[in-house]
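Data first, discussion second: the structure below is written as C-alpha cells.
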Amino acid sequence: MGESEHRGEQLPPGQRLQRGWPVTHYGPVPRFKADRWEFRVFGATADGGATGWNHEEFSALPYHTVIADFHCVTKFSMLDVEWGGVAASTVAKLAPPAPDVTHVMVWAEYGFSANLRLADFLDDSCIFATHKGGEPLTAEHGFPVRLVVPRLYAWKGPKWVRGVEYMTADRRGFWEERGYHNLGDPWREQRYSYQEEPGDGPEL
Ligand SMILES: Nc1nc2c(c(=O)[nH]1)N[C@H]1C(S)=C(S)[C@@H](COP(=O)(O)O)O[C@H]1N2
Ligand SMILES: [Mo]
C-alpha cells in the first residue's frame, strides 16, 4: 500500500494541480517561542513515561528527506515536493509505543489534532517536516515543524506540531470530528465522514 502502488497515475480522483502553495488552516498562525517550545511524546508509551525534546534537541534528531505528493481535500495537489525533517519512525524508535498501541493523535498549537493509524504513522513517507525544498518552513506553513503524511489528505498533517499521543483505541481528531473522513485516503476519495463504512472510524 505504498506510494509506489500509484506510480504513473498522476493525481488521485477529483484533484487538480495548481501553481504555488496556498496556505490552508483554521485559526491564527501561532508565534514560535523557542524557550517555551517542546515536542512531547506521551500516552501509551512503552515505558509508561513521557519524552520531551526542546527545540534544540528536536533540531539535532537525525535529518531525513522524503519526496512525495501533497493532496488537500479542497482538491489542490502538488507533485514531487521535497520535505526535510525527522521521520515519524525515528520518533517512534526514540520514544516507542506500548505493544497495544493502534493509533496516534498528533497534537499542534491551539489544540488542533489529527488521528492516524499507527501503521500510517510508521510508514516510510511520514515525516515531521522542518524544511521544504531545502528551506525552513515559513510560519504560515507550520514553522518550526509540521507533520506530512503523503498517503493521506493533507489535513492529516498538522502544522505547528507539539506532540504525539499514543493510543490503544481510535479517537477522532479536529477535522475528523467536523465532517471529514476518519481515514482520509485520497486514492479512495475518502473526503467526508458520511462516506465512512463500518469499521472506518469511531461513532460520530
Ligand atoms: N494546525 C493546523 N494544521 C493544519 C490545518 C489546520 O487547520 N491547523 N489544516 C490542514 C489542512 S486542511 C491542510 S490542506 C494543510 C495545508 O497546509 P499548507 O497551508 O501548508 O498548504 O494543513 C493541515 N494542517
Ligand atoms: Mo485541507
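The values are calculated or read from the model by the stated rules, or taken from the named source; none is laboratory data. Remember, it's a predicted structure, so these values are computed and weren't measured experimentally. In this analysis, Cβ positions are derived from the backbone assuming ideal geometry, glycine residues included, and neighbour counts consider all displayed protein chains.
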Name, by its number, the condition in (1) surrounded by fewer than 17 Cβ atoms within 10 Å (Cβ to Cβ); (2) among the polar types (S, T, N, Q); (3) under 25 Å from residue 12 (Cα atoms) that does not hold for residue 113.
-> (1)
Subset of region 29-73, residues surrounded by 13 or more Cβ atoms within 10 Å (Cβ to Cβ), among the β-branched types (Val, Ile, Thr) and under 18 Å from the mean Cα position of the chain (by Cα), comes to 29, 41, 65, 66, 73
For residue 199, are the conditions met, namely being on the phi > 0 side of the Ramachandran plot, out of contact with any Asp or Glu (no Cβ under 7 Å at 6 or more places or on another chain) and not acidic (Asp, Glu)?
-> yes
Inside region 74-96, can you point out the residues that are in contact with a Pro (Cβ under 8 Å, 6 or more places away or on another chain) and over 15 Å from residue 39 (Cα atoms)?
-> 76, 77
Where residue 187 falls short, out of the listed (1) more than 29 Å from residue 46 (Cβ to Cβ); (2) part of a loop (DSSP other than H, G, I, E, B) = (2)
How do the pairs read when you match residues in region 178-204 that are at pLDDT below 95 with residues anywhere that are in a loop (DSSP other than H, G, I, E, B), using Cβ under 8 Å and keeping only pairs 6 or more apart or on different chains?
-> 204/172; 204/177
Candidates 150, 144 - the one that is away from ligand 2 (no atom under 16 Å from the Cβ) and at pLDDT 95 or above = 144
Counted residues, region 65-101 - those being within 17 Å of residue 184 (Cα to Cα) and of a type in the set (S, T, N, Q) = 2
With the condition kept exactly as written, say whether any residue in region 65-86 is of a type in the set (Asp, Glu), touching a strand residue (DSSP E or B) at 6+ places or on another chain (Cβ under 9 Å) and within 15 Å of ligand 1 (Cβ to nearest atom).
-> yes
